[in-house]
Amino acid sequence: MSATGSESITDTPIDHPRVGLFVTCLADIYRPNVGLAAVALLEKVGCSVEVPQTQTCCGQPSYNNGDLAGAARTARNTIEAFEDFDYVVVPSGSCAGMLHDFPRLFESEPGWQQRARAMAGKTHELISFLTDVRGLDAVDASFGRAVTYHDSCHGLRALGIKEQPRRLLASVGGLELRELNDSEICCGFGGTFCVKYPEISGRMVADKADAIAATGAKVVLGGDLGCLLNIAGRLGREGGDVSVYHVAEVLAGMADVPGLGDPPGSGGRSR
Amino acid sequence: MESLSHAFKERSVHALKDETLQVALHRAKDGFAVKRAKAVEGLPEFDALRDRAVAIKNHTLENLDHYLERYADAVERSGGKVHWASSAEDARRIVVEICRAAGAKMITKGKSMVGEEVGVNGALEGAGFEVVETDLGEYIIQLAHEPPSHIIVPAVHKTRGQIADLFHENHQKYGLTRKLSEVPEMVNEARQVLRSKYLDADVGITGANFLIAESGTSVIVTNEGNGDLTCSLPRVHIVTAGIEKVVPTAEDATTLLRLLARSATGQDLTTYTTFSTGPKRADDTDGPEEYHVVLVDSGRSTMLADQFREMLRCIRCGACMNHCPVYGAIGGHAYGWVYPGPMGSVLTPLSVGLKEAGNLPNACTLNGHCAEVCPVRIPLPDLLRTLRHREYQLKLGLKPLRWGLAAWVWFTSHPRIYRLGTRVQARMLATLAGRKGRFTRMPLAGGWFKGGRDLPAPQGETFMAVWARRQKERGQ
Ligand code: SF4
């Protein structure tokens, strides 16, 4: 870990930006290790990371179920917590995309819309921030396993995240990436979709699990915890030996804990 | 056509369990997407063409009344007649009247989605006419008494075996008694049956892919040439088309044609592109004696005036459904009306109402694949979300969902309570899951498990708690 907040006084924001980490509600509750990995990676690229304690959820459950006023209420809380940072970084393409959509929630509130727009302009998904904004092209981590990678839809299509995680994974010692057939096809999570239409969602994630099995890799990585919970849930139900991690955990050298849904203290089902 | 969209949930579950359907869907799944990708790769200016197509469509929609008038004038100048149908009912009535006035008995039809939309076949059959679909896919589903399940491949849900059975059952009366198994044989047999129908038909009804305003020309694309024969052999040709099909010039139509087949089937162009303008002229060797165009509004002008105008850019290529994982899992019939997949999930609620079809815009993960491939860049996920917003405002959605959302919004805008609640939840879930690390069931969360999956347990502490402790240890 190179830097802490106390060193930032003499640096310009660009050399040493103050980054607000929006950890996302799912990572906060289900996978604190993703938050820690994000902090470690951000500090490696010279950021001073802060975690506003007033952050909650990005508001997608409301937004995508048509409750725009509710989404706006949640969004105001996020804007107040994060608008003063140089950057807002999110370890999820889906939630980062939501923050980018905030201005749409305030069509009739120009003041808030202005604030939302300003914040959206400095909001980035974690991996693309590390690579595209901070110029990172290698990490010093090792992970001696064959892995496969699922491209989560929102990161891929709304934010153009495809090559960046692969570039960083290529620098991880001992890691072999086996490309997933149909890696760009939705896993069937879709937020509340997965509980509103469980049979359709279940079919989609079962197809995803089949594609994963076909790679022979025993580890699946991705950049969005929603998709990863869905995939890990299906893999767990099938009872195989494939573990699921957020890509940041591997890049930060912090995938030495059990994968999502693996028994605690096991070091992962696949070992 | 009557809507069954209210039963989407049951129909989709049924479709998932229908093994024959699943075989057919699986076979179709990759074909179109791969072919489209190849076609796009082979045309470096594809994206530039898309931009031009969007501009053409937007310009036309902004001046729709003008171009419709120009088109209608040009049709009349060429000796044709234009009929304006403001509703599906009008459209049915007009088509039946034209056929009656022509003293028709037998009517051939080229594939027409607007025909399906307004229910032309039912109306004609009800009025005592014999109607024969000439597009092979449409012919198959006509024999099966089913609606199309895809807008460009209406019988995509049928397996070869099912088609062989249908032909065997229906072609005996023509003396064709051998049961076939190979595709070319089946195509030949259908051709043989259809050929006599073309010659007997009094009226030919086609749809239109484009209507060219400057010349009053209608354009259809087919791969079987059945459109040509339907246009030109019978005494009377009726074109049925939605009002959004009009484009200003032939040049505009060709720009859209370059996108259409590539997006639909991955072809550079379809095998046949048929242009028809007015009835037979004095020095023409063939062509119909009468040429009618039925321009159908049926909700389109309402769409033009509200947030869904962009949907009217649709050129009915089917790329959105070919790339939709939900469509790929359940097929087209589950959607319950004429148009399935992403475009259908926008159009259906606008046509038959949100109360009837509220499930459609919700049954989508908003993964965005459809918008990525749509040749005219329709922001389908945004439109679906707008429909959800409308549904929410009209209070049509499920009550428990509304309450859940309201509670979540309250929770997420009270950070202190949220912090406390999430801490308790993470710890409790981790403890309950115990050494297994995941749940195989949980009260009140049945939906998740119904999808055939476990729920991974949280690690135990929330990130915010870990972070707060770490900051304390660092002395901050
Ligand atoms: S919405 Fe777009 S992709 Fe879908 S059928 Fe229409 S033009 Fe094609």
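The values are calculated or read from the model by the stated rules, or taken from the named source; none is laboratory data. As the structure is a prediction and not an experimental result, all values here were calculated from the model. Every residue, glycine among them, receives a Cβ derived from its backbone with ideal geometry; neighbour counts consider all protein chains shown. Ligands, DNA and RNA are stripped out before the accessible areas are found, and what is left, the full protein with its side chains, is counted by its heavy atoms. Shrake-Rupley method; radii C 1.70, N 1.55, O 1.52, S 1.80 Å.
Given a Förster radius of 35 Å and the C-beta distance between B:Asn63 and B:Leu43 as r, what FRET efficiency does 1/(1 + (r/R0)^6) yield to the nearest 0.05? That pair, B:Asn63 with B:Leu43, gives E of 0.75. The Rg/Rh ratio of chain A, with both radii computed over alpha carbons and Rh defined as the Kirkwood radius, is 0.97. By the helix-only formula, in which each DSSP H run with n ≥ 4 contributes -39500 (n - 2.57) and the sum is divided by residues, the protein assembly as shown has a 222 nm mean residue ellipticity of -14500 deg cm²/dmol. If you roll a 1.4 angstrom probe over the protein chains with everything in place, what fraction of the accessible area of region B:400-475 belongs to carbon and sulfur, to the nearest %? Using a 1.4 Å probe with all protein chains present, region B:400-475 comes out at 62 percent carbon and sulfur.
Per-residue shielding of B:324-334, expressed as the average number of other chain Cβ atoms within 10 Å of the residue Cβ, stands at 4.
Interface residues of region A:131-170, defined as a loss of at least 50 Å² in heavy-atom accessible area between the chain alone and the complex of all protein chains with a 1.4 Å probe, are A:Arg157. Across peptide A:97-104, the mean count of Cβ atoms from other chains lying within 10 Å of each residue's own Cβ comes to 1. What FRET efficiency comes out for B:Thr440 versus B:Lys173 if R0 is 51 angstrom and r is the Cβ-Cβ distance? Round to the nearest 0.05. Computed FRET efficiency for B:Thr440 and B:Lys173 comes out at 0.35. For the options A:Thr192, A:Thr24, A:Thr56, a Gaussian network treatment of chain A with springs between C-alpha atoms closer than 10 Å singles out A:Thr192 as fluctuating the most. Among the protein heavy atoms of region B:43-301, carbon and sulfur supply 48% of the accessible surface, probe 1.4 Å, non-protein parts ignored. Each other residue within a Cβ distance under 9 Å of B:Thr222 adds +1 if Lys or Arg and -1 if Asp or Glu, for a net charge of -2. Quotient of the Cα radius of gyration of the protein assembly as shown and 2.2 N^0.38 Å, N being its number of residues: 1.05.
Between A:Asp132 and A:Asn181, how high is the FRET efficiency from 1/(1 + (r/R0)^6) when r is the Cβ-Cβ distance and R₀ = 45 Å? Nearest 0.05. Efficiency, rounded to the nearest 0.05: 0.95. Write down the accessible area per residue of the protein assembly as shown in Å², having rolled a 1.4 Å probe over the full set of protein chains. Counting only protein heavy atoms, the per-residue value for the protein assembly as shown is 39 Å². For q values of 0.07, 0.12, 0.13, 0.14 Å⁻¹, compute log₁₀ I(q)/I(0) with the Debye formula on a Cα-only model of chain B, without solvent. Log-scaled intensity ratios, in q order: -0.44, -1.08, -1.24, -1.41. Taking a straight Cα-Cα cut-off under 24 Å and skipping sequence neighbours fewer than 8 places away in the same chain, the lysines within cross-link reach of B:Lys35 are A:Lys162, A:Lys208, B:Lys111, B:Lys158. Between B:Ser181 and B:Ser301, residue separation times 0.36 nm minus the direct Cα-Cα distance comes to 38.5 nm. Considering only beta bridges that DSSP places wholly inside chain B, some 30 percent are antiparallel. Computed over chain A with a Gaussian network model linking Cα atoms closer than 10 Å, the most mobile of A:Leu169, A:Leu41, A:Leu159 is A:Leu159. Just so you know, the averaged projected area of the alpha carbon convex hull for region B:97-147 sits at 3.4 nm². Considering only A:Ala75, A:Ala96, A:Ala146, the mean-square fluctuation computed in a Gaussian network model of chain A, springs between alpha carbons under 10 angstrom, is largest for A:Ala146.
For region A:18-132, state what percent of all Cα-Cα pairs lands in each successive 10 Å bin, counting from 0 Å until the bin that includes the largest distance. It works out to 15, 50, 29, 6, 0, in whole percents.
Extending 7 Å from Cα along the Cβ direction at B:Arg281 and again at B:Arg195 yields two label points whose distance is 3.2 nm. 3J(HN,Hα) couplings calculated from phi for region B:267-276 with the Karplus curve 6.51 cos²θ - 1.76 cosθ + 1.60 (θ = phi - 60°) are, in sequence order, 7, 5, 9, 5, 4, 10, 10, 10, 10, 10 Hz; Gly and Pro show x. Counting, for every residue in A:55-61, the Cβ atoms of other protein chains within 10 Å of its Cβ and taking the mean gives 5.
Interface between chains B and A: roughly 6200 Å² of accessible area buried, both sides summed (probe 1.4 Å, protein heavy atoms only). Using Cβ point charges alone (K and R +1, D and E -1), the dipole size of the protein assembly as shown about the Cα centre works out to roughly 2500 debye.
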